[in-house]
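Undergrad: One structure coming up, written as structure tokens, with questions to follow.
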Amino acid sequence: MKDQRNLQLTRRDVLLSAVTAALPMVAGAAQAETIRSVTDVRKLPLTLRVNGKDRELELDPRTTLLDSLQEHLHLSGTKKGCDHGQCGACTVLVNGVRINSCLSLAVMHDGDSITTIEGLGTPDNLHPMQAAFIKHDGYQCGYCTPGQICSAVAVLNEIKAGIPSHATGDLTGSPETSNVEMRERMSGNICRCGAYSNIAEAMAEVARSPA
Amino acid sequence: MREFTYERATSTLDAARIVTQLKGAKFIAGGTNLLDLMKLEIETPSHLVDLQDLGLDRIEETAEGGLRIGATVTNTRLASDPRVRRGYGVLARAIVAGASGQLRNKATTGGNLLQRTRCPYFYDTNQACNKRMPGSGCAAIAGVSRQLAVIGGSADCIATNPGDMAVALRALDALVETVRLDGQTRAIAIADFHRLPGATPHVETALEPGELITAVTLPPPIGGRHFYQKVRDRASYAFALVSVAAVIHENGSGRVAVGGIAPKPWRLEVAEAALPRGAGAVADALMNGAQPTHDNAFKVPLVERTLAYVMAQAKG
């Protein structure tokens, strides 16, 4: 990632030299050259380790982590719902931690390990949480499901790691995998079909099974 | 989103220098609020300076027995730290009462203090808003104002500070540590960090342009029982209508800061002196001078009731 900084500095140098080179020309041409250069935002190189594989990309810095997965790596499992961090459909794991991929820039994740729904399991080898969602009917239309499952996997890890939630009674104790804990922790994943109670059942089953 | 360039800062001074000197440059930490606003083109930085490589992600004990929380420590890490859960329960409780698990995993301590209001008129670029466009007016005052401020606002702005963490930090008398491009550091009392709107609602904090938050420090734990009671429209994942951060001691004395009602965490030490006389006396002092709208007048009695609930729990 250190390279990017150099690249940025290089770009400034390039802009300066562009202006300098334009000086002998008529003033209007010099101005046009400068404006064109400033709006020409360069793509930045980065590497994302996605589902265990290094993927090299060159992206406009505006590209969100979500769009890098969907539009550039063609992993369509991660979904764009609200695109503002309110619905949770874009939830992925970054270095094992769940985040909203729509509210993060891909360039902020150079070198990070990303796990999407495609990396959790495959049709032939389902992740236990995927199997439990099927068994308990934890979805209807399915659009929010990849985010729900990524979030659910992370929630059980968070409880195991002792991370407290709003539903945790004793802050100094260990949180439990109770229904109220799981519902609170899943509140950042909206399901407009209303599969919440079945999602909680699926999570409870995975929480009960030996790791 | 408008175009911008991006770089990762290699030192705090470097970061402060770039953002001070380069017009339109901004710091980015977690980005959960900034990117939301950039998508709506309410924020339009020309250059982003990423703070993730600066080593500001540590929580250390201070010589005085308090904690120094690096600016890029995430909300989740802060609320999970055993020292915070043990000695500063009100802070852990406030953090987990806010946002969602995903957002708390990314949102940072410094960024949380700088999050912008969720006033719907600030978010709607078709509406007048003195915060978003100074001098354009305030559509909120005569608009739908149920969520908005009942005290501390002005004729130019009635936006609330939406935070939970900052309300607890106010009750704990935290300090906000900063650095400027000349290398000068200072510690700003949390009470002075957020500004009341007055005639300049777009000036929200005491920070100077390019001044970088490096840490938040907490004094040594003060004991007592810690509460963060948040009243909102949903059971989870919603901003506060009213929230009460309180530390109550066995003898009935304590500290109370209120969120959701003002442009900054609302605490008056003089109101705390009334704690032994009950929630009504505290709320009367705390809410003296309130100017609610038709829509949000309910918040004034709600402050007293939320406080009464907390004080009943403290006795139980």
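Every read-out reported here was derived from the displayed coordinates using simple, explicitly stated rules and does not represent laboratory data. Everything quoted here is computed from the prediction, not taken from an experiment. Using ideal geometry, Cβ is built from the backbone for each residue, glycine included, and neighbour counts are taken over all protein chains shown.
Undergrad: Toward the positive end of the charge dipole of the protein assembly as shown, about the Cα centre and with charges on Cβ (Lys, Arg +1; Asp, Glu -1), which of A:Thr168, B:Pro276, B:Met165 goes farthest?
TA: My answer, from the dipole projection, is B:Pro276.
Undergrad: When the helix-only estimate is applied to chain B (DSSP H runs of n ≥ 4, each -39,500 (n - 2.57), divided by the residue count), what is the mean residue ellipticity at 222 nm, nearest 500 deg cm²/dmol?
TA: That comes out to -7000 deg cm²/dmol.
Undergrad: Then there's this: I want to verify a result. In a Gaussian network model of chain B, Cα cutoff 10 Å, which of these has the top mean-square fluctuation: B:Asp36, B:Asp50, B:Asp284?
TA: It is B:Asp36.
Undergrad: On to the next question. Show me, bin by bin at 5 Å from 0, the whole-percent P(r) of segment A:48-92 based on Cα pairs.
TA: Per 5 Å bin, starting at 0, the Cα pair percentages come out as 5, 21, 31, 24, 14, 4.
Undergrad: Let me ask something else about it. Only Lys, Arg, Asp and Glu count, each charged at its Cβ (+1, +1, -1, -1), so figure out the dipole size of segment B:186-316 about its Cα centre, rounded to 20 debye.
TA: Details: 13 positive and 11 negative charges, 78 e Å.
Dipole of segment B:186-316, to the nearest 20 debye: 380 debye.
Undergrad: By its C-alpha gyration tensor, with a ≥ b ≥ c as the square roots of the eigenvalues, how is segment B:199-316 shaped: rounded for a/c under 1.5, else prolate for a/b larger than b/c, else oblate? Please list the in-between numbers first.
TA: Working: a/c = 1.66, a/b = 1.21, b/c = 1.37.
Here segment B:199-316 falls in the oblate category.
Undergrad: Could you please report the charge total around A:Asp112, scoring K, R as +1 and D, E as -1 over all other residues with beta-carbon less than 14 angstrom from its beta-carbon? Please list the in-between numbers first.
TA: Working: positive: A:Arg49, A:Lys53, A:Arg55, A:Arg98, B:Arg8, B:Lys106; negative: A:Asp54, A:Glu56, A:Asp110, B:Asp50, B:Asp53.
That works out to +1.
Undergrad: Choose one answer from B:Thr178, B:Thr200, B:Thr117: the residue with the largest mean-square fluctuation in a GNM of chain B with alpha-carbon springs under 10 Å.
TA: For chain B, modelled as a Gaussian network with Cα springs under 10 Å, the answer is B:Thr200.
Undergrad: With no solvent and one point per C-alpha, what does the Debye sum give as log10 I(q)/I(0) for segment B:39-87 at q = 0.13, 0.15, 0.16, 0.29 Å⁻¹?
TA: So the normalised log intensities work out to -0.46, -0.56, -0.60, -1.11.
Undergrad: Residue farthest toward the positive end of the dipole of segment A:66-138, with Cβ of Lys/Arg at +1 and Asp/Glu at -1: which of A:Val107, A:Gly81, A:Ile134?
TA: Final value for the positive-end residue is A:Ile134.
Undergrad: When a/c reaches 1.5 or more, the comparison of a/b and b/c decides; with that in mind, is chain B rounded, prolate or oblate per its Cα gyration tensor?
TA: Oblate shape, in that a/c is at least 1.5 and b/c is the bigger or equal ratio.
Undergrad: Provide the gained length on full extension for the span B:Glu250 to B:Arg195, in nm with one decimal, where the gain is 0.36 nm per separating residue minus the Cα-Cα distance.
TA: 16.5 nm
Undergrad: Something else: Taking N as the number of residues in the protein assembly as shown, what is its alpha-carbon radius of gyration divided by 2.2 N^0.38 Å?
TA: Working: Rg = 23.9 Å, N = 527, 2.2 N^0.38 = 23.8 Å.
The reported ratio for this selection is 1.00.
Undergrad: Which value, in debye to the nearest 20, describes the size of the charge dipole of the protein assembly as shown about its Cα centre when Lys and Arg Cβ atoms bear +1, Asp and Glu Cβ atoms bear -1, and nothing else is charged?
TA: It comes to approximately 660 debye.
Undergrad: Sticking with this structure for a sec: Counting partner chain Cβ atoms within 10 Å of every residue's Cβ in B:32-38, what's the average?
TA: 5
Undergrad: Now, a different point. Averaged across orientations, what area in nm² does the convex hull of the alpha carbons in segment A:111-184 project?
TA: For the Cα atoms of segment A:111-184, the hull's average projected area reads 6.5 nm².
Undergrad: Moving to a separate point now. GluC sites (Glu not before Pro) within segment B:48-85: which are DSSP loop residues with at most 13 other Cβ atoms inside 10 Å?
TA: Passing both the DSSP loop test and the Cβ count: B:Glu64.
Undergrad: Here's another thing I want to ask about it. Leaving out same-chain residues fewer than 8 places away, which lysines sit with a Cα under 21 Å from that of B:Lys299?
TA: Within the straight-line limit of under 21 Å, B:Lys299 reaches these lysines: B:Lys230, B:Lys264.
Undergrad: For the protein assembly as shown, give me the percentage of DSSP beta bridges that are antiparallel, rounded to the nearest 5 percent.
TA: Of the beta bridges lying entirely in the protein assembly as shown, close to 85 percent run antiparallel.
Undergrad: Let me confirm one metric for peptide A:81-90, namely the mean number of other chain beta-carbon atoms within 10 Å of its residues' beta-carbons.
TA: Working: counts 0, 1, 3, 6, 12, 4, 1, 5, 0, 1.
The per-residue average across the peptide is 3.
Undergrad: Which of the listed residues, B:Gly210, B:Ala312, B:Ile190, is farthest toward the dipole's positive end in chain B, when Lys, Arg count +1 and Asp, Glu count -1 at the beta-carbon?
TA: In chain B, that residue is B:Ala312.
Undergrad: Can you classify segment B:1-139 as rounded, prolate or oblate using the Cα gyration tensor, where a ≥ b ≥ c are the square roots of its eigenvalues, rounded means a/c under 1.5, and otherwise it's prolate if a/b beats b/c and oblate if not?
TA: The shape class here is oblate.
Undergrad: A further question follows. How high is the FRET efficiency between A:Asp54 and B:Asp233 when r is their beta carbon distance and R₀ equals 35 Å, given to the nearest 0.05?
TA: 0.20
Undergrad: Between B:Lys23 and B:Asp284, what is the FRET efficiency for a Förster distance of 60 Å, r being their Cβ-Cβ separation, to the nearest 0.05?
TA: Details: r = 48 Å, r/R0 = 0.80.
The value I calculate is 0.80.
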